[in-house]
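The values are calculated or read from the model by the stated rules, or taken from the named source; none is laboratory data. These numbers were taken from a predicted model, which means no experiment stands behind them. Using ideal geometry, Cβ is built from the backbone for each residue, glycine included, and neighbour counts are taken over all protein chains shown. Note: areas computed on protein heavy atoms with side chains; ligands, DNA, RNA excluded. Shrake-Rupley method; radii C 1.70, N 1.55, O 1.52, S 1.80 Å.
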Amino acid sequence: MGRAFSGFTFVFFAFLGFIFFPAEAAIKKYQFDIQVKNVSRLCHAKPIVTVNGRFPGPTIYVREGDRVLINVTNHAQYNMSIHWHGLKQYRNGWADGPAYITQCPIQTGNSYIYDFNVTGQRGTLWWHAHILWLRATVYGAFVIMPKQGNPFPFPQPHQEVEVLLGEWWHADVEEVVKEGTTMGTPPNMSDAHTINGKPGPLFPCSEKHTFVIEVELGKTYLLRIVNAALNDELFFAIAGHNMTVVEVDAVYAKPFTTQAILIAPGQTTNVLVQANQVPGRYFMASRAFMDVPLSIDNKTATAILQYKGVPNTVLPSLPQLPAPNDTEFALSYVKKLKSLNSQQYPANVPLKIDRNLFYTVGFGKNSCPTCLNGTKLLASLNNISFAMPQIGLLQAHYFNIKGVYRADFPDKPPTPFNYTGAPLTVNLGTATGTRVSKIAFNSTVELVLQDTNLLTVESHPFHLHGYNFFVVGTGIGNFDHDKDPKNYNLVDPIERNTVGVPTGGWTAIRFRADNPGVWFLHCHLELHTGWGLKTAFVVEDGPGTDQSVLPPPKDLPPC
């Protein structure tokens with residue numbers, strides 16, 4: 001747990017809490033010191049950016065209804081911002097964190113207090129750096145316990161364990177990115193996957209860099225799994241043990257049992273595991289899913305589930321992970337995910353839609369005389385590759401600063417074509433610009449994300465800041481505007497904040513635009529985000545006094 005920061009007295013905070021918060025709410029305070037520290041993995045050490053010297057960083061523990069204050073002090077050479085992934089931040093985009101979207105980053109030597117309430121959410125989320133590729137090492141879990149007296153809607157576990165899946169590079173990650181940008185090619189892939197920052201004993205010099213969970217026979221454990229990897233969707237399994245999925249992205253799900261899960265970057269999954277096997281040592285394993293012939297880090301990270309009393313000399317057994325290109329497993333797993341949709345936790349799916357959006361996901365090449373092949377890669381939504389501004393979009397929106405962005409992002413692609421047909425190598429007139437879509441307050445939105453075969457098809461995990469959404473449909477091939485909506489699940493679709501668009505396919509999501517502000521929409525593969533696969537929604541203020549963006553804090557980081 002982070003250490004409390006000074007500057008306000010406990011009495012003052014207690015007084016605030018007494019006035020503004022219900023009796024059970026608390027004020028949780030953390031100090032995040034952004035520090036560079038030497039860390040050893042895979043036989044050598046290198047300096048990495050950390051929070052409080054830890055990799056992964058500290059877990060935030062709060063309860064639904066709490067107020068959270070996290071003072072981030074930047075001692076590193078890079079500008080820094082932290083995003084609280086999946087926190088809705090109602091009216092309070094100032095605490096959302098993506099650099100140059102809601103605000104400018106925290107400069108070296110400066111501090112900023114992220115101040116927000118946790119309202120109507122409980123479960124596993126996470127936090128991470130939201131600038132450059134710094135989330136390679138700057139990330140941690142964010143655990144929201146239910147309100148007092150509200151038990152889990154599944155058997156109470158004996159113990160809860162955070163399991164963070166990540167990646168590791170031998171080289172400095174920012175140098176890897178710079179080299180790729182200079183050459184106009186994808187940066188080098190990671191050298192290892194990790195589980196809680198450790199690659200496991202299948203890698204050299206990694207016996208001591210292995211995460212271990214000790215369990216007792218007959219007891220049940222809740223694993224809070226986070227995919228913090230930059231660029232890989234991952235399979236995860238435990239040898240000899242089934243898992244029961246009970247929650248995704250901090251939303252309770254209809255429980256189902258599976259031998260493996262699929263989890264995309266940005267997503268979280270809670271599973272129950274029963275320690276009901278012959279006492280021994282069992283590998284937990286994570287490996288990438290990629291169903292197109294692209295280069296990925298396909299090495300397997302491992303951790304150990306060890307029964308109490310079993311000696312460390314017992315060799316663990318490996319689980320049967322799906323094949324790296326097992327599309328059938330991926331699609332069938334996603335279909336099993338459904339909202340609990342109980343009386344206490346209803347699925348309030350928008351049935352009448354005010355705004356229909358159709359966004360194509362594509363790649364392209366632009367001329368680059370200094371690059372290796374004379375071209376550089378870019379990515380786009382509706383043929384627009386997003387250009388990052390030099391001032392926060394929310395600041396520009398709130399203070400009505402002209403010339404920062406254009407609110408004319410098209411609702412559909414300018415040129416319809418056979419999106420998933422034969423590979424196309426043309427750009428179809430890809431433009432670059434800071435263009436966003438303006439959304440009326442409280443309107444209902446359906447967004448269809450369509451993969452395309454521009455250069456290649458590929459799966460894409462998309463994250464929408466400030467909102468959860470319902471995944472009402474998904475399919476392979478081109479979305480059919482007449483036929484496919486007839487097969488939507490409008491009863492109990494899964495609700496989440498990050499969704500995978502399948503390779504050569506489409507995904508349809510719905511949400512109500514009831515959170516005013518500027519909210520980032522982007523692919524959570526850092527590689528694609530850097531190439532421009534992103535945009536933002538400007539959700540207008542509502543008419544009510546509590547339906548507009550809150551005033552910014554006085555200590556907003558300068559640009």
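Computed values, structure above
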item	result
Leading residue by the ranking (surrounded by the most Cβ atoms within 10 Å (Cβ to Cβ)) among those in the stretch 452-482 that are part of a strand (DSSP E or B) and small (Gly, Ala, Ser)	Gly473
Which listed residue is of a type in the set (D, E, K, R) and open to solvent by less than 20 Å² (accessible area, probe 1.4 Å), from Asp297, Asp291, Asp326	Asp297
Filter result for the condition that a residue is over 21 Å from Phe469 (Cβ atoms), in contact with a Gly (Cβ under 6 Å, 6 or more places away or on another chain) and in contact (Cβ under 8 Å) with a residue 12 or more places away in the chain, over Pro199, Pro187, Pro204	Pro187
Which numbered condition Gly309 fails, given (1) under 21 Å from the mean Cα position of the chain (by Cα); (2) without any contact (Cβ under 8 Å) to a residue 40 or more places away in the chain	(1)
Some residue of the stretch 392-413 being open to solvent by less than 20 Å² (accessible area, probe 1.4 Å), on the phi > 0 side of the Ramachandran plot and under 25 Å from the mean Cα position of the chain (by Cα)	no
Lys365 vs. criteria assigned to a helix (DSSP H, G or I), among the basic types (Lys, Arg) and more than 30 Å from Pro552 (Cα to Cα)	no
Residues that are farther than 14 Å from Asn383 by Cβ and open to solvent by 20 Å² or more (accessible area, probe 1.4 Å), drawn from the stretch 422-451	Ala422, Pro423, Thr425, Thr434, Lys438, Ala440, Phe441, Asn442
Residue within the stretch 483-493 that is surrounded by fewer than 23 Cβ atoms within 10 Å (Cβ to Cβ) and within 20 Å of Gly421 (Cα to Cα) present	yes
Flag if Val177 is in contact with a Phe, Trp or Tyr (Cβ under 8 Å, 6 or more places away or on another chain), over 27 Å from Phe283 (Cβ atoms) and surrounded by 14 or more Cβ atoms within 10 Å (Cβ to Cβ)	yes
